[in-house]
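Down below is the structure, laid out as structure tokens.
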Amino acid sequence: MMLPELPPEVAAEKKYDTVVSSGQSALNALLTLNGGAILAFLTFIGHLVDNRIVPREGVNGLVIALAMFIVGTFLAVLAYGMIFLTNVYSRINLLERSDRLFKTTVTLGFASITFFLFGSAQAVRTFWLIARLLSP
């Protein structure tokens, strides 16, 4: 009985390229998520200020949420830089440094999403506060 032929092993370089492109896609999503939140939030705040809707008590919460989105965006951009350095160190066979930078990149990605989540939670809390203050 003849055994079916097994597919050839995927080359290590192809696996590495897949990991890098997946990481870049994830960081692109984080950058888009946080950057989009900043744009939407600034537009919303501008509308509230133009129409003098924001009570003084709500301003601090809006500023805190906006700051969290900005930090999340910065961390995603920093993680992009870490990907570049990870690739450089990997290419010149400094694998220990490459591994550390890879772990740093992953940590920065998780920190970016964490700041987005906390910024979103802060924004929702502030919107509830503003709604209660403005309701008759």
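Only the coordinates and a few stated rules stand behind these numbers; no lab work does. Quick caveat, the model's predicted, so the values are computed rather than measured. Virtual Cβ from ideal backbone geometry, glycine too; neighbours counted across all protein chains shown.
A few points about this structure:
- Between 0 and 90 degrees, the angle of helix 95-134 with respect to the longest Cα principal axis of the chain falls at about 20 degrees.
- Projecting the Cα atoms of G61, T105, T43 onto the charge dipole of the chain, computed from C-beta unit charges around the Cα centre, puts G61 farthest toward the positive end.
- Spin-label model distance (nm) - R91 vs S25, 7 Å beyond Cα toward Cβ: 2.3
- Nearest 10 degrees, 0 to 90: helix 56-91 Cα axis against the chain principal axis: 10
- GNM result for the chain, Cα springs below 10 Å: residue of I113, I38, I53 fluctuating most strongly: I53
- Projected-area average for the chain over all orientations - Cα convex hull basis, square nanometres: 13.3
- Nearest-ten-degree value, helix 12-50 long axis tilted from longest Cα axis of the chain: 10
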